[in-house]
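The values are calculated or read from the model by the stated rules, or taken from the named source; none is laboratory data. This one's a predicted model, so the numbers in the text were calculated from it and none came from an experiment. When we count neighbours, we look across all protein chains shown, and the Cβ atoms used for this are built from the backbone with ideal geometry, even at glycine.
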Amino acid sequence: MKSPFMYGKIASGETFTDRETEQRRLSHNFTSRLNTVLISPRRWGKSSLVAKTGFHLERKRKNIRFCYLDLFNVRSEQEFYDYFVQQILRTSSSHWEEQLESAKRLLKRIAPKFSFGVDPQQDFSVSFDWEEVKRKPEEILNLPEMIGRQKKIQIVVCIDEFQNISFFENPVAFQKKLRAQWQHHKLSTYCLYGSKRHLMTELFENKSMPFYKFGDVVFLDKISEEYWVTFIVKQFRKTRKSISEKIARRIAQQMENHPYFVQQLAHTAWTQTTKICTQKELQESLDTLLIQHAILFQREVDNLTNSQINFLKALCSGVEQFSSIKNLRQYDMGSSGNVNRIKESLVNKEIIDITEHKIDFLDPLFKTWFSTVYSKK
Ligand SMILES: Nc1ncnc2c1ncn2[C@@H]1O[C@H](COP(=O)(O)OP(=O)(O)OP(=O)(O)O)[C@@H](O)[C@H]1O
Ligand SMILES: [Mg+2]
């Protein structure tokens, strides 16, 4: 039987839960043509939320289309333009002949070159003379708006891992070009999202940056415990297995309501269970996950300095005032200046997340492993 839990892919259909308020907020933004900036740590559900909202809106309204780009592997401005055009054309029409026609008509000043595979429907791409694009990037950046006007559709351009543009050669100059064009768009709407909180907030909340006040900034939360309890109980029941609310709650609590890890632990518990999932099956599942990840976690710790490890020990023990004289001494963390450097490097290594209210491990499984291993030392 197929597991009713899913992790590592976009959550959709019955594996998607909650997020009603966020879906409403995004839908409202998209239909009001308000740009959106969505920020959360890794694997909290940004891509799933945008995909779900897009799926519903496309079904409800004929004149709205979603275009998805993921900048995960995009490393230069030039690559960005090629990819942007390709995805916008694909969104505008499912027929390659029509895409070709739009590209010829709308991009003629930058001399597009076309290439076709054996099956052009699957394998049709456009590339450009880079010198031409550098002179007239607006031709490309205005493509969603031009197509939208001609076809009387609204294209919502969703760009995942947007913070990656910070690694392009002249990031601020590039952002200026995007903003200069996109701010005039009346039809096209932009949803920009990413997981590196500090890079994303720098792009959108720093007054001196081009994307300052570009749109509604949404900080995505985890999914609340009550939703997880109902979801886990329901998914077990659907597959003729059972779990009590109490044990389901422990799954959510163990993984601190983190969407990816709650689904992963629930999946493992479901696999371990023949009929009823009790504390025994839950504990076995957690042990299985810890064993599976031990080598990876050990490697992660091998890359840390002693004072970084000491900082994590303090964090596990519930310390909040890292720079107090008592804690600096007890955990051997050097000076308070050193604590700031430790925090910065642990954030960059994506081990901890620092918000206004607190500092926490990003990965609740790593936290469990770390506190088990280091409480013995
Ligand atoms: N609404 C949801 N309901 C249930 N599970 C969810 C939901 N959203 C996310 N998840 C779980 O979290 C996992 C990660 O979701 P997703 O890929 O959407 O996150 P992300 O924030 O885009 O991650 P990344 O930063 O790695 O791109 C999913 O595979 C799924 O297991
Ligand atoms: Mg994602």
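Of the helices (runs of 4 or more DSSP H) entirely within the range 48-148, those holding at least 2 residues that are of a type in the set (A, V, I, L, M) and in the same structural domain as Glu161 (by TED's automatic domain parsing) occupy 77-92, 96-106, 137-141.
Scanning the range 317-331 turns up at least one residue that is part of a helix (DSSP H, G or I), surrounded by 13 or more Cβ atoms within 10 Å (Cβ to Cβ) and not aliphatic (A, V, I, L, M). Within the range 3-28, if we keep just the residues that are free of Cβ contacts under 8 Å to residues at least 12 places away in the same chain and among the basic types (Lys, Arg), the residue that is nearest to ligand 1 (Cβ to nearest atom) turns out to be Lys9.
Does Ile342 fit the bill of being out of contact with any His (no Cβ under 6 Å at 6 or more places or on another chain), exposed (fewer than 13 other Cβ atoms within 10 Å of the Cβ) and of a type in the set (Val, Ile, Thr)? No, not satisfied.
Conditions (1) of a type outside the set (Phe, Trp, Tyr); (2) within 27 Å of the chain's Cα centre (by Cα); (3) within 25 Å of His28 (Cα to Cα); (4) modelled with pLDDT under 95, marked per residue:
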residue	(1), (2), (3), (4)
Ala51	yes, yes, yes, no
Phe55	no, yes, yes, no
Asn73	yes, yes, no, yes
Gln78	yes, yes, no, yes
Asp82	yes, yes, no, yes
Leu106	yes, no, no, yes
Ala111	yes, no, no, yes
Asp129	yes, no, no, yes
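Per the conditions (1) away from ligand 1 (no atom under 13 Å from the Cβ); (2) over 15 Å from the mean Cα position of the chain (by Cα), the sole criterion not satisfied by Thr36 is (2). Each residue in the range 127-144 was checked for being loosely packed, with under 14 Cβ neighbours inside 10 Å and polar (S, T, N, Q), and 0 pass.
Within the set Leu34, Leu38, the sole residue that is within 16 Å of ligand 2 (Cβ to nearest atom) and either in contact (Cβ under 8 Å) with a residue 60 or more places away in the chain or part of a strand (DSSP E or B) (or both) turns out to be Leu38. Only residues that are within 16 Å of ligand 2 (Cβ to nearest atom), under 25 Å from Leu34 (Cβ atoms) and without any contact (Cβ under 8 Å) to a residue 24 or more places away in the chain were counted across the range 55-86, and they come to 0. If you scan the range 346-370, which residues turn out to be modelled with pLDDT of 95 or more and hydroxyl-bearing (Ser, Thr, Tyr)? Correct list: Thr368 only. Taking the criterion of being among the hydrophobic types (A, V, I, L, M, F, W, C), within 12 Å of ligand 1 (Cβ to nearest atom) and assigned to a helix (DSSP H, G or I), the residues of the range 226-265 that qualify are Trp228, Phe231, Ile232, Ala252, Phe261, Val262, Leu265. Could you tell me whether the range 176-197 includes any residue that is within 16 Å of ligand 2 (Cβ to nearest atom), closer than 30 Å to Lys134 by Cα and in contact with a Leu (Cβ under 7 Å, 6 or more places away or on another chain)? Scanning the range 176-197 turns up at least one residue that is within 16 Å of ligand 2 (Cβ to nearest atom), closer than 30 Å to Lys134 by Cα and in contact with a Leu (Cβ under 7 Å, 6 or more places away or on another chain).
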